[in-house]
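Student: I have a structure here, written as structure tokens, and I will follow up with some questions on it.
The values are calculated or read from the model by the stated rules, or taken from the named source; none is laboratory data. Since we're looking at a predicted model, the values are computed, not measured. Here Cβ is always computed from backbone atoms with ideal geometry, including for glycine, and neighbour counts include all displayed protein chains. Quick note on the areas: whole protein, heavy atoms, side chains included, nothing else; ligands and nucleic acids left out. Shrake-Rupley method; radii C 1.70, N 1.55, O 1.52, S 1.80 Å.
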Amino acid sequence: MLNSLLEAWNLSTGLFLDGFLAVLVASFVLPAIGTLLVLRKMPFVAVAVPGIAGAGVAFSYFIWPTIFAIAYETLDPPSTFFQNLCAFLFLALGLLWLSSRESRDRIESGAVLLFVVTLALSEILLLDSIYDEFSHRWLHHGHVLSVLESGRSRVIGTCLIIAAIAGFYRRELWLTAIDREQATISGLPEKRWLLIHLFLAGVASGMIVPELGPQVVLGLLLIPATISFPAARSLSGYAWTCATIGIVSTLLTFWVSMIQDWPIAPALIVILAIVSLIHRLIKQRWWAT
Amino acid sequence: MRGPNGCGKSTFARTLLGLIPALSGTIQWDASHHCRWVPQQLPLTDDFPISVRDIVELGLWDTPDSGSAFKGLKPRYNGSKSMKQKVTEILQRVGLDGMENRRFARLSGGEQRRALIARALVSDAECIVLDEPMNGVDIQGRDSLGSLISSLAENPETLFFVITHDSSWIPVTPRCYLDLTTNGEITLEESC
């Protein structure tokens, strides 16, 4: 593994170094910012409706190619049928599992994650299918491998500024998210700190999305924070855990992408989800007490 | 403060603390920077990632009296011990020693109330307002929580303002009773 990693690294360093550095720094800062969004239940409110609608769209997206592949199998490589079937089953089982959840918040956040991960999975699974045009069009949404030096500096600079502000004001942001009444008594106007929080998330999106693409930014902001939420026990531990998941997932993504020739952005989303789930399972099963 | 359920005890206290605007009249006592609020519970889900230590530590920070909100919170505590020691000491005082790394939302009702009282105590507040501290607390918990509140209330430097619909659990005689009725009457009864 190490040899193949080093070989791939040497061959491709010049090509993707700027993009790699930009994603690496973003993968440390954005998941920590994402924990603030999840603590305020903001992704549930802001993304739930399009997320649930998106899950429906994704559902039909996979069921239709499956029927299509059965009806016109001569037009399709045989493996595509199984790929579509796998993606369809993944989504169907995910929706079935979500329907058993009691909390509405969790159903909504789960639907959002399912949507984002399924779309990313679809990009990887359908690379060689008759849906090439879809996947190739989507690939252009994330420009991770074509980040220039100026873009890299912009991403790293933005991340450092956001990290400095969020780190300095972490108590204010936590307190206004957790206990608004005590925050008011302590002299913190909740709405003003909500705006500061939105400003941070807005700057992160506005400055980083043009360089790294919406999939990378959305994935880093939401996936580790949402999946790790029940496994964390303290606020700072939650933020550090998500930042670590971001870094580990990014390193794995670049390695897997080079080995498998996968597009970076969807691969990052899938790997973020896998690493976050593994962390959550380990933490809940073996470190629960 | 005593009164039947629904007579507006919590609303009155919230108004006093500036958490909700008064419907009429004016409040001449600025409670901010002097008071700490111990609610019945925090609106957190069972899996919310906040530890008992996090809850108590947040009480150590406050906005400076004359400061702009953008300056943020400053440590209210400036004693010789470290903040960590101070938090540990307060947790021992309220009977939560060894539980500082437990998830707050997984504690029992009585333990959560103790942690919130610890958050109020750690800030050296002049006034601590407890909203129905016995709600959701079992019988054993009631006895020990009642004793804790009574022992803390012996400190003459801190005003304990307890909201309850049943004052029989209070083992000591309060300095006064403020009685509210459902038709809006308020009476102040000095007990000593």
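Student: Defining a contact as two alpha carbons under 8 Å apart and six or more residues distant in sequence, what relative contact order in percent does region B:9-190 show?
Tutor: Answer for region B:9-190 is 23 percent.
Student: Given the peptides A:196-202, B:138-144, A:176-182, B:41-47, arrange them by the average over their residues of other C-beta atoms within 10 Å, most packed first.
Tutor: Ranked by mean Cβ neighbours within 10 Å, highest first: A:176-182, A:196-202, B:41-47, B:138-144.
Student: What FRET efficiency comes out for the pair B:Gln92/A:Leu277, r = Cβ-Cβ distance, R0 = 51 Å, nearest 0.05?
Tutor: 0.85
Student: Using the alpha-carbon centroid of each, what span in Å lies between region A:211-289 and region B:1-26?
Tutor: Between the Cα centre of region A:211-289 and that of region B:1-26, the gap is 46 Å.
Student: Counting other Cβ atoms within 10 Å, keep those with at most 15, restrict to DSSP loop, and tell me which chymotrypsin sites (Phe, Trp or Tyr not before Pro) in region A:213-289 are left.
Tutor: The qualifying sites are A:Trp287.
Student: What are the residues whose amide H is under 5 Å from the amide H of B:Leu159, where those residues sit 5 or more places off or on another chain and H is modelled from the backbone?
Tutor: Amide H to amide H, under 5 Å and 5 or more residues apart or across chains, B:Leu159 pairs with B:Cys127, B:Ile128.
Student: Considering only protein heavy atoms and a 1.4 Å probe, what is the carbon-and-sulfur percentage of the accessible area of region A:150-254?
Tutor: For region A:150-254, the apolar C and S fraction of the accessible surface comes to 71 percent.
Student: Quick one: plug the Kirkwood hydrodynamic radius of region B:9-190 (C-alpha pairs) into Stokes-Einstein at 20 °C, 1.002 mPa s, and report D in µm²/s.
Tutor: Translational diffusion coefficient: 122 µm²/s.
Student: With charges set only on the Cβ (+1 for Lys and Arg, -1 for Asp and Glu), what does the dipole of region B:9-190 come to about its Cα centre, in debye to the nearest 20?
Tutor: 700 debye
Student: Something else: Run the numbers for A:Phe168 and A:Leu96: contour at 0.36 nm per residue of separation, minus the present Cα-Cα distance, in nm.
Tutor: Stretched out fully, the A:Phe168 to A:Leu96 stretch lengthens by 21.7 nm.
Student: Below 11 angstrom from the Cβ of B:Asn101, what's the summed charge of the other residues (Lys, Arg +1; Asp, Glu -1)?
Tutor: Surrounding charge for B:Asn101 is +2.
Student: Averaged per residue, what accessible surface does region B:9-190 expose to a 1.4 Å probe, in Å²?
Tutor: With all protein chains present, region B:9-190 gives 50 Å² per residue.
Student: Here's a follow-up. On the first, second and third principal axes, largest extent first, how far apart are the outermost C-alpha atoms of region A:206-289 in Å?
Tutor: Between the extreme Cα coordinates on each principal axis of region A:206-289 lie 41, 31, 14 Å.
Student: Can you give the mean number of other chain Cβ atoms that lie within 10 Å of the Cβ atoms in peptide B:40-46?
Tutor: So the per-residue partner count for this stretch is 3.
Student: I'd like the antiparallel share, as a percent to the nearest 5, of DSSP beta bridges with both residues in region B:9-190.
Tutor: Around 45 percent of the beta bridges assigned by DSSP in region B:9-190 are antiparallel ones.
Student: Counting protein heavy atoms only and a 1.4 angstrom probe, how many square angstrom of accessible surface do chains B and A bury in total, to the nearest 100?
Tutor: The B and A chains share an interface burying roughly 2800 Å².
Student: Pick from B:Ile27, B:Ile128, B:Ile117: which is most flexible by mean-square fluctuation in a GNM of chain B where alpha carbon atoms under 10 Å apart are linked?
Tutor: Among B:Ile27, B:Ile128, B:Ile117, the largest GNM mean-square fluctuation belongs to B:Ile27.
Student: Note every residue of region A:199-236 with a reduction of at least 20 square angstrom in accessible area, all protein chains present versus the isolated chain, computed with a 1.4 Å probe, or write none.
Tutor: A:Phe229, A:Pro230, A:Ala232, A:Arg233, A:Ser234, A:Leu235
Student: Tell me, what HN-Hα J-couplings in whole Hz come from the Karplus equation 6.51 cos²θ - 1.76 cosθ + 1.60 at θ = phi - 60° for each residue of region B:146-155, using x for Gly and Pro?
Tutor: Here the 3J(HN,Hα) series is x, 5, 4, 4, 5, 5, 5, 6, 5, 5 Hz.
Student: Right, next: Looking only at other chains, what is the average number of their beta-carbon atoms within 10 angstrom of each beta-carbon in A:182-194?
Tutor: Mean partner shielding for this stretch: 6.
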